[in-house]
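J.: Here it is, the structure, as structure tokens.
The values are calculated or read from the model by the stated rules, or taken from the named source; none is laboratory data. The shown structure was predicted, so the numbers you read here are calculated from the model rather than taken from an experiment. Reconstructed Cβ throughout: ideal geometry from the backbone, glycine too, with neighbour counts over all protein chains shown. With ligands, DNA and RNA removed, areas are computed over all heavy atoms of the protein, side chains included. Shrake-Rupley method; radii C 1.70, N 1.55, O 1.52, S 1.80 Å.
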Amino acid sequence: MKGRRTGAKLGSLKRKGVKIYGNDIVVGKEAVIERGAKLYSPCTIVGKSRICAGADILPNTYVEASYVGADTRVSASTLVNCRVGRGANIGPYAHIRQDAIIGDGCRIGDFVEIKNSVLGEGCKVAHLSYVGDASVGKRVNVGCGVVFANFDGKVKRGSIVEDNCFIGCNCNIIAPSHIGRGAYIAAATTVCGEVPAKALCVGRARPKMVEGGGSGRYIDG
């Protein structure tokens, strides 16, 4: 591939102290791989990317024009035009898109997509969530299935989540919303607007029970 180092040319990276595992690795001519980084085949690093010392780029990862901080681990994920801080854990199957900034020590897990958002240090977005056009403070927990609803059909808007918040599973954060520091959003809640600091926000419909109403609807047991 013109303008790229592949196969035997990976030897030049090895001589610089980059640890290479396998040959199916593509490194673009503009990319910088620091001494002590580890690249595992197959993976691709192109554009003006920088992989810092001690970072692990595991198999099936694609990095384009992105910064990966020291001691960060990226597993089977896609990073495009983004910045990931030090000591973070990304993937597997995460998609970090343009203008996303992931702070030090964050955990971004399975099937999480982040776009045009800032996550403060120590945030956890463990699985099956979308964070778009949001400013998220430090040490925020984003539960499974949380969606930041940023598009109303005409305009994309942003939301703010301050430090130390807890967002439970299957919540919707509808922009523009502002969740104050230390607030707790209970699972299955839809947030529209302001949540005061340290408030407990619960927005669930009460279940209605119909005696015997399930009979014949599926398998009578």
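J.: Got a number for carbon plus sulfur as a percent of the chain's accessible area, 1.4 Å probe?
T.: 51 percent
J.: Hey, if you put +1 on the Cβ of every Lys and Arg and -1 on every Asp and Glu Cβ in segment 76-221, which of Ala186, Gly145, Ile96 ends up farthest toward the positive end of that dipole?
T.: Ala186
J.: Whole-Hz Karplus ³J(HN,Hα) for segment 70-84, in order, using 6.51 cos²θ - 1.76 cosθ + 1.60 and θ = phi - 60°, x for Gly and Pro?
T.: 4, 6, 8, 10, 10, 10, 6, 9, 10, 10, 9, 6, 9, 9, 10
J.: Dipole size in debye (nearest 20) for segment 123-221 around its Cα centre, Lys and Arg Cβ +1, Asp and Glu Cβ -1? Could you put the intermediate results ahead of the total?
T.: Working: 12 positive and 7 negative charges, 27 e Å.
With only Lys, Arg, Asp and Glu charged at Cβ, the dipole is about 120 debye.
J.: Hey, if you put +1 on the Cβ of every Lys and Arg and -1 on every Asp and Glu Cβ in the chain, which of Gly85, Ser129, Val118 ends up farthest toward the positive end of that dipole?
T.: Comparing the listed Cα positions along the dipole, Gly85 ranks first.
J.: With springs only between Cα atoms under 10 Å, which of Pro92, Pro196, Pro207 fluctuates most in a Gaussian network model of the chain?
T.: Pro207
J.: Given +1 on the Cβ of Lys and Arg, -1 on the Cβ of Asp and Glu, and no further charges, what dipole in debye does the chain carry about its Cα centre, rounded to the nearest 20?
T.: Details: 31 positive and 18 negative charges, 180 e Å.
The dipole of the chain has a size of about 860 debye.
J.: Another question, then. Using unit Cβ charges (K, R positive; D, E negative) and no other charged atoms, how large, in debye to the nearest 20, is the dipole of segment 1-105 about its Cα centre?
T.: Its charge dipole is roughly 520 debye.
J.: Probe of 1.4 angstrom, ligands and nucleic acids ignored: what's the accessible area per residue over segment 91-215, in square angstrom?
T.: Details: 6510 Å² over 125 residues.
It amounts to 52 Å² per residue over segment 91-215.
J.: Please check: in the Gaussian network model of the chain (C-alpha springs, under 10 Å), which one of Phe151, Phe166, Phe111 has the largest mean-square fluctuation.
T.: Result for the chain, Cα springs under 10 Å: Phe151 fluctuates most.
J.: Now, a different point. Rank these by accessible area, largest first, 1.4 Å probe: Asp99, Asp56.
T.: Accessible-area ranking of Asp99, Asp56, largest first: Asp99, Asp56.
J.: Along each principal axis of its Cα atoms, how long is segment 106-212 end to end? Whole angstroms, biggest number first, please.
T.: Each principal axis gives a Cα extent; for segment 106-212 these are 49, 32, 30 Å.
J.: Moving on. Gaussian network model of the chain, Cα springs within a sub-10 Å range: biggest mean-square fluctuation belongs to which of Gly91, Gly103, Gly28?
T.: Ranking Gly91, Gly103, Gly28 by mean-square fluctuation puts Gly28 first.
J.: With N set to the number of residues, divide the alpha-carbon radius of gyration of segment 1-100 by 2.2 N^0.38 Å and report two decimals.
T.: 0.94
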